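Below you'll find the structure, written out as structure tokens, and then a few comments.
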Amino acid sequence: MPDSVALRLETATPLFTGPNWDYSGLRRVYDAVERIALDELGLDVYPVQVEVITSEQMLDAYASVGLPLMYRHWSFGKRFAYHETLYRKGLQGLAYEIVINSNPCICYIMEENSMTMQTLVIAHAAFGHNHFFKNNYLFRQWTDANGILDYLSFARDYVQKCEERHGAEAVERVLDAAHALKDHGVNRYAHRTKPNLAEERRRAEEWRAHFEATYNDLWRTVPGADKDKDDSGNEARLLEIKRELGLPEENLLYFIEKRAPRLEDWQQELVRIVRLVSQYFYPQKQTQMMNEGCATFVHYEIMRRLHDKGLITEGSMLEFLHSHSSVVFQPDFDDPRFSGLNPYALGFAMMSDIRRICEEPTEEDREWFPDIAGSGDGFGVLRHAWANYRDESFVLQHLSPAMIRRFRLFHVSDDSTKPALRVEAIHDDVGYRKIRGALSRQYDLSRREPDIQVVDVDLRGDRCLILAHYVHNGVLLEEQSCRAVIRHTATLWGYSVKLLEIDAATDKTLKTYEVAPPG
Amino acid sequence: MNIVDRRPNPKGKSLSNRQRFLARARAEVKSAVQEALRKRKVADVGHGEKVAIPTRGIAEPNFHHSRRTGRTEHVVPGNKEYIRGDEIPRPTGGEGRGGSQGSPDGSGEDAFEFTLSKEEFLDMFFEDLELPDLVKKSLKETFAVDLQRAGYTVTGSPANLSIRRTMRNSMARRISLKRPKQSDLEALREAIDNARSRGADEEAERLLRELDRLEHRSKIIPYIDPIDVRYNRFERVPRPNTEAVMFCLMDVSGSMTEAMKDLAKRFFMLLHVFLIRRYRHVDIVFIRHTSTAEEVDEETFFYSRETGGTVVSTALEKMLEIARARYPTDRWNIYAAQASDGDNYGADSGRCVSLLGSEVLPLCQYFAYVEVGDGMGGSLTGLSRDSDLWRAYNEVAPVHPHFVMRRVSDPSQIFSVFHELFAKGGIRA
């Protein structure tokens, strides 16, 4: 930013100079960042609670999937051991910060960070992520920022009590099984609103009145089909039962929690805990790129403005830029460091690009984005996008040809029956829309995760639970882990479980798994 | 904004999860530990260890797509040369999916690698070992008692008077009963003098009555009342025997080769590591002997060479002498390990047996005799010729269950012999 350096006329005193942080410095920085975030960028955030932690506590937080408290389970210990080993070997640095979608928004910062890093972290997490959490529609719809910490503390205590009462082993068995299904324990669509009691009573009343009004004693004398209904009515009754059970149901954990015949109360509650925690993370999985992009864009903008105002020194700015550029680094596909698209890089680049389209559009942009190109209000457009999109729809709506060229994105298709991959599209006129569509599908969680539903329960027979995996494009489930998960499902269900892999296009059953009831 | 310093929060939040994880992977971790021990040096036994275990027992399965079926599509960055319609040979790692490799989800077949702390490592290693002859130890323990402070009492000997507590009670009582302070009385007397000197007799009279009242009050409310008095209370608690001494006896005569000494050393060190896990304090006494015995330091013990004959009983005598002088049995648990190649001066073996049986073994918790060979002794000739000492000790062994003897001829046997000696459920000599 040589121009901004030259433009700086007033010489404000920097907020800090040395690398060491202190509490008053943090507060000064926070206030300065807050002024920029709220007044200049127009962000809307939860109140913030900054918590200073050590690297060991950071590892603890890693282990409990980033939450400040969590029930006890061996898998968190495994995660801890894994990260600890990587960290001790120096293969992996720790994140500078962890932020929790709660109200107040809890933002962990590490004591090892320099003052510049703390500034960056405050801008990134306490404002970037915080704004996203508070405003994005998925988070508003699916997570309860006010209640999450209380719920987690309830869950931890409940699990502990169960362990005392029923033994750690029994609890572990249920949690293991529920964890195996946790990706399929989320509601993807909002439920219909729960009817309240008064409403229900009114409806029952109306129905009774209608029945009384239309009562005709003559019907009683009509010879009933009751006796031979068994044959013809059976199908209908089964359908009725299925409807009552709410089948088909894609939230497997929900179905098990409500319907599993042999689950005891406390086991139901454990399943419910796993399900609700999983649901809490559901929006994060769908918005990772946007969330990180939003936070990265916000911290970049804030740091730049702090520097323009002379509130941070040149040295700090260089330290920040070094860290920022490694965060948004995107290795090429043939680079050994490549591990997929970096959500920070793509998110940040797309958001910077949207701003450019709004403020300095090219001819191409006017053609592709007639509604926002040249509107001048980049931040307004971004705030709207942060609030109303998820990764999939964001890419579909906002990925510009300029971005595709810059990342040199290309689209390959992989047909397992053919020996080689095929390049379907590259960054040229015919390819832009194809790549955009394909990338958007790549971010679509419902395509990334297998489509598995509860389709039937054999209520008249052996109570076998029947699951169906709807196979798209011939992609089957990975066999070994699939068997293991079905075994876990049978543990919860209490009877045998069957999984059919059904081709969604032809309705043909491709493969069947079956697990006998647990002994 | 709020800033909270969480650093002083209790550490080890993940500890119980970690323990659960280890318990879960117990079998795998144990075999990994054994494997690691086979490779490492004895000197490193006390350190932690990086272990890799198969993911089988600790897998967290979930439903996910198989990479080898059907048609999938990927968008990846960094195109350099491809144009539409190009064919790329299928990469082995799975296109664009590198991210999940080596993930903690254990979806791959790779081993899961992590680091055990020193304690965890030793726990695993010594898991099914225990100290023999605990009965004897607990009998002894009743002799050793300690006085431990246990609050306060209202009765006791003057020597145990707790002045601090007594004065505190006294002060509380004086304040609550409003006993006049000495300074208040002084002030009142001064005021009376003042009033008198001013000639205000009436006031002086009134103050004097007040003074009388207060003086009376301070007389009936004593400065220290018997109910204030407290004594320190002590409780006699049996003191656990937390101290152990380990006698290392070794033949250093010319017939002991370096390899044999190395074997002995390994055994001694294992025993030492094992003991320091059980006792707060472990002393080690090194006694080497040829035809005479002396106490030496560790360096000399293992690395200096001596020449001369071999009279084993001298070492036992030396041990007895030291034990009697420095390690009374009511305070110390005595362990002894003797290493030798089995040679002994012919007439001495009988004396060894009687010394051992009548004097040494009654003192000891445990006495292990390890006969080290050079790795080709018996197997080469095809017949196992028992050494003099072995034959002699064989008489003692059946009578004393806490005396054990083993032969070791190769470093790889050390661990198994050690395991055998300390296996839970008694020693099978």
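The values are calculated or read from the model by the stated rules, or taken from the named source; none is laboratory data. Model, not experiment: these values are computed from the prediction. All Cβ positions, even for glycine, are placed from backbone atoms using ideal geometry, and neighbour counts span all protein chains on display. Surface areas here come from the heavy atoms of the whole protein model, side chains and all, with no ligands, DNA or RNA. Shrake-Rupley method; radii C 1.70, N 1.55, O 1.52, S 1.80 Å.
Test each condition in (1) within 12 Å of chain B (Cβ to nearest Cβ); (2) farther than 30 Å from A:Leu86 by Cβ for A:Leu15 and report the one that comes out false.
(1)
Among A:Asp176, A:Asp150, A:Asp144, which is the only one that is outside the structural domain of A:Pro47 (by TED's automatic domain parsing) and within 30 Å of A:Gly380 (Cβ to Cβ)?
None of the others qualify; the one that does is A:Asp144.
Which one is nearest to the other protein chains (Cβ to nearest Cβ), of the residues in region A:407-423 that are over 21 Å from A:Gln330 (Cβ atoms) and among the basic types (Lys, Arg)?
Per the stated criteria, the residue is A:Arg422.
Select from region A:473-519 the residues that are in a loop (DSSP other than H, G, I, E, B) and out of contact with any Gly (no Cβ under 8 Å at 6 or more places or on another chain) and list them in ascending order.
A:Glu478, A:Gly494, A:Tyr495, A:Ser496, A:Ala504, A:Ala505, A:Thr506, A:Asp507, A:Lys508, A:Ala516, A:Gly519
Can we say A:Leu91 is modelled with pLDDT under 90, open to solvent by less than 10 Å² (accessible area, probe 1.4 Å) and among the hydrophobic types (A, V, I, L, M, F, W, C)?
no
Right, A:Phe369: aromatic (Phe, Trp, Tyr) and under 19 Å from A:Leu41 (Cβ atoms) or not?
In short, no.
Looking at (1) surrounded by 20 or more Cβ atoms within 10 Å (Cβ to Cβ); (2) within 12 Å of chain B (Cβ to nearest Cβ), which is the one condition that is false for A:Leu465?
The number of the failed condition is (2).
Could you tell me whether B:Arg236 is in a helix (DSSP H, G or I), more than 30 Å from B:Lys118 (Cβ to Cβ) and among the basic types (Lys, Arg)?
no
Limited to region A:122-154, what total is found for residues that are under 26 Å from B:Asn9 (Cα atoms) and surrounded by fewer than 24 Cβ atoms within 10 Å (Cβ to Cβ)?
10
Can you name the condition, by its number, that A:Ser446 falls short on among (1) within 21 Å of the chain's Cα centre (by Cα); (2) at pLDDT 90 or above?
(2)
So if I check each of A:Ala145, A:Ala125, which one is away from every other protein chain (no Cβ under 14 Å), aliphatic (A, V, I, L, M) and within 19 Å of the chain's Cα centre (by Cα)?
A:Ala145
For the structure I just gave you, tell me whether A:Arg88 is in a loop (DSSP other than H, G, I, E, B), of a type in the set (D, E, K, R), more than 30 Å from A:Glu314 (Cβ to Cβ) and at the interface with chain B (Cβ under 10 Å from one of its Cβ atoms).
Judged against the criteria, A:Arg88 is not a match.
Farther than 27 Å from A:Val381 by Cα and open to solvent by less than 60 Å² (accessible area, probe 1.4 Å): which single residue out of A:Val50, A:Val99, A:Val45, A:Val33 fits that description?
Among A:Val50, A:Val99, A:Val45, A:Val33, only A:Val50 is farther than 27 Å from A:Val381 by Cα and open to solvent by less than 60 Å² (accessible area, probe 1.4 Å).
Can you spot a residue in region A:341-362 that is assigned to a loop (DSSP other than H, G, I, E, B) and within 14 Å of another protein chain (Cβ to nearest Cβ)?
Yes: one or more hits.
Yes or no: A:Arg460 outside any helix (DSSP H, G or I) and either more than 7 Å from every other protein chain (Cβ to nearest Cβ) or open to solvent by less than 40 Å² (accessible area, probe 1.4 Å) (or both)?
When the stated conditions are applied, A:Arg460 passes them.
Yes or no: A:Cys107 of a type outside the set (Phe, Trp, Tyr) and either outside any helix (DSSP H, G or I) or closer than 23 Å to A:Trp386 by Cβ (or both)?
Here the answer is yes, as A:Cys107 does meet what is asked.
Can you pull out the residues in region A:365-375 that are part of a loop (DSSP other than H, G, I, E, B) and exposed (fewer than 13 other Cβ atoms within 10 Å of the Cβ)?
Of everything in region A:365-375, those that are part of a loop (DSSP other than H, G, I, E, B) and exposed (fewer than 13 other Cβ atoms within 10 Å of the Cβ) turn out to be A:Pro370, A:Asp371.
Kindly establish whether A:Arg383 is outside any loop (DSSP other than H, G, I, E, B) and either surrounded by fewer than 19 Cβ atoms within 10 Å (Cβ to Cβ) or away from chain B (no Cβ under 12 Å) (or both).
Yes, satisfied.
Could you list, in sequence order, all residues of region A:298-337 that are away from chain B (no Cβ under 14 Å), part of a loop (DSSP other than H, G, I, E, B) and of a type outside the set (Gly, Ala, Ser)?
Matches in region A:298-337: A:Lys309, A:Leu311, A:Ile312, A:Thr313.
I'm checking my understanding of the structure. Among residues of region A:424-455 that are more than 11 Å from chain B (Cβ to nearest Cβ) and open to solvent by less than 50 Å² (accessible area, probe 1.4 Å), which one is nearest to A:Thr491 (Cα to Cα)?
The extreme case among them is A:Val454.
Can you find a residue in region B:296-314 that is in a strand (DSSP E or B), in contact with a strand residue (DSSP E or B) (Cβ under 7 Å, 6 or more places away or on another chain) and surrounded by 15 or more Cβ atoms within 10 Å (Cβ to Cβ)?
Yes; the residues of region B:296-314 include at least one that is in a strand (DSSP E or B), in contact with a strand residue (DSSP E or B) (Cβ under 7 Å, 6 or more places away or on another chain) and surrounded by 15 or more Cβ atoms within 10 Å (Cβ to Cβ).
Does B:Tyr393 meet the test of being at pLDDT 75 or above and not in a helix (DSSP H, G or I)?
Against the criterion (at pLDDT 75 or above and not in a helix (DSSP H, G or I)), B:Tyr393 does not qualify.
Are any of the residues in region A:64-71 part of a loop (DSSP other than H, G, I, E, B), open to solvent by less than 20 Å² (accessible area, probe 1.4 Å) and without any contact (Cβ under 8 Å) to a residue 24 or more places away in the chain?
Yes: one or more hits.
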